Amino acid sequence: MSLILGIESSCDETAVALVRDGYEVVGSAVATQIAKHACHGGVVPELAAREHLIALDYVLEEALKSAGCGLDEVNGIAVTQGPGLIPALLVGINYAKGLAINLRRPITGVNHFIAHIYGAFLNNGKGVLEDKNSYPILALVVSGGHTSLLLITEDGSARHLGCTIDDAAGEALDKASKLLGLGYPGGPAVQKAAAGGDPARFHFPRPLTGSAGKALAAEHKFDFSFSGIKTALLYQVEKLQEEYGTLPSDLLSDVAASFQQAVVDVLVKKTMSAVKEFAPKTVVAAGGVACNALLREQLAAAMPKRINLRLAEPKFCTDNAAMVAGLGYHYYKRRIFSELDFDAFARLPAITEVVFV
Ligand code: KG4
Ligand code: ZN
């Protein structure tokens, strides 16, 4: 039995979790900084770093309390190494290194992007990853920083099929929300404003899907683009403001619903074309945007019954440390540890394999 302590500080969530044997989340705590960044309309890296510094001690205490265990029971430590905001990452990494030295336990820096995918297997995924019939696994990772499709085969090799060529889906929702005056973070705010709205009232483009009579270039088959939808929203809002001044709430609701529908349509369409081409046995949706109710509903509706669709639990979609500890277990099991001088990285490196297979 191995108990891994996970630490996450890549963006605006300070999180600590304890996971047993890679799947069983025995304790988890998250302190969000959303309120601190809201007035800036986005995450300020230095502010995030300072807040992580303040929060880490009590978040660790809370996670241990919820797990009902002490630090001496921890076998290994996993921490997000990147991608993310460097000042924010460094706080978590240095805190984790301090713990590792103090407790004399091994430490591993893990990739936040892969940890998001692993989040879909927490609590009840054990049998799935061990079963050869679960492969290939197609993963849609949709967050504030990423929009990607990754194909994982039964030997653990991974292929990045495509990613966004401009904004991430979450980033587009955050910017749309700001434009509509709905606040930050944008995803949940747009979802709330869209409730009851007419998703067909306004037309927004579905970029890189081969719609609107534009043939899709082969190299972009599994890529995404969200900046065009965002610009279309800006023009639409300006037009409506000329006509109405401040948008009445029913109109705002229709605009939000139409925008959300366009984003979801693109995500579902791209995922389904990868399903058609690569015939995965399992499809995973993970990352903050995978909390979105419309996306979950429409992915489920589009997926053939023979495919095991794993939508990460909402609490494991947004940034959390259970996904970090869970992934960290697979490094621990293989005795793959980091040297104590390991550094943070900001950008997603090329991914050719995952360790959890
Ligand atoms: O995974 P995450 O917590 O952080 C990153 O790694 O980026 O994702 C944050 C993103 C934000 O852009 C936020 O607006 C979006 O996830 N998000 C949502 C919802 N909840 C969070 N997007 C759509 N619908 C939601 N319900
Ligand atoms: Zn994330």
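The values are calculated or read from the model by the stated rules, or taken from the named source; none is laboratory data. Since the model is a prediction, treat every value here as computed from it, not as a measurement. No Cβ is skipped: glycine too gets one built from the backbone with ideal geometry, and neighbour counts run over all protein chains shown. Quick note on the areas: whole protein, heavy atoms, side chains included, nothing else; ligands and nucleic acids left out. Shrake-Rupley method; radii C 1.70, N 1.55, O 1.52, S 1.80 Å.
Data overview
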{"item": "Residues (more than 22 Å from P185 (Cα to Cα), assigned to a loop (DSSP other than H, G, I, E, B) and open to solvent by less than 40 Å² (accessible area, probe 1.4 Å)) located in region 250-290", "result": "P280"}
{"item": "Candidates G109, G119, filtered to the one that is within 16 Å of ligand 2 (Cβ to nearest atom), in a helix (DSSP H, G or I) and either closer than 18 Å to F356 by Cβ or touching a strand residue (DSSP E or B) at 6+ places or on another chain (Cβ under 6 Å) (or both)", "result": "G119"}
{"item": "Selected residue [within 16 Å of ligand 2 (Cβ to nearest atom), of a type outside the set (D, E, K, R), closer than 18 Å to L234 by Cβ and in a helix (DSSP H, G or I)] from A172, A176, A189", "result": "A172"}
{"item": "Count of residues meeting criterion [outside any loop (DSSP other than H, G, I, E, B) and either away from ligand 2 (no atom under 16 Å from the Cβ) or of a type outside the set (F, W, Y) (or both)] in region 291-338", "result": "30"}
{"item": "Unique match (being more than 12 Å from ligand 1 (Cβ to nearest atom) and in contact with a helix residue (DSSP H, G or I) (Cβ under 7 Å, 6 or more places away or on another chain)) among L173, L179", "result": "L179"}
{"item": "Those residues of region 169-189 which are touching a residue at least 40 places away in the same chain (Cβ under 8 Å) and over 18 Å from the mean Cα position of the chain (by Cα), in sequence order", "result": "A176, K178, L179, L180, L182, G183"}
{"item": "Filtered residues of region 92-101 (kept if more than 12 Å from L340 (Cβ to Cβ) and surrounded by fewer than 24 Cβ atoms within 10 Å (Cβ to Cβ))", "result": "Y95"}
{"item": "Filter result for V263 (closer than 28 Å to K132 by Cα and in contact (Cβ under 8 Å) with a residue 12 or more places away in the chain)", "result": "no"}
{"item": "Checklist (1) away from ligand 1 (no atom under 16 Å from the Cβ); (2) within 20 Å of the chain's Cα centre (by Cα) applied to S66, failing item", "result": "(2)"}
{"item": "Options A17, A49: the member that is under 22 Å from S143 (Cβ atoms), surrounded by fewer than 24 Cβ atoms within 10 Å (Cβ to Cβ) and of a type in the set (A, V, I, L, M, F, W, C)", "result": "A49"}
{"item": "Qualifying residue in region 13-29 (condition: without any contact (Cβ under 8 Å) to a residue 40 or more places away in the chain, more than 30 Å from L129 (Cα to Cα) and away from ligand 2 (no atom under 16 Å from the Cβ))", "result": "no"}
{"item": "Given (1) modelled with pLDDT of 95 or more; (2) touching an Asp or Glu at 6+ places or on another chain (Cβ under 8 Å); (3) not in a helix (DSSP H, G or I), number of the condition C69 does not satisfy", "result": "(2)"}
{"item": "Residue that is nearest to K97 (Cα to Cα), among those in region 333-357 that are of a type in the set (A, V, I, L, M) and over 24 Å from the mean Cα position of the chain (by Cα)", "result": "L340"}
{"item": "The listed residue being open to solvent by 90 Å² or more (accessible area, probe 1.4 Å), at pLDDT 95 or above and not aromatic (F, W, Y), out of A350, A322", "result": "A350"}
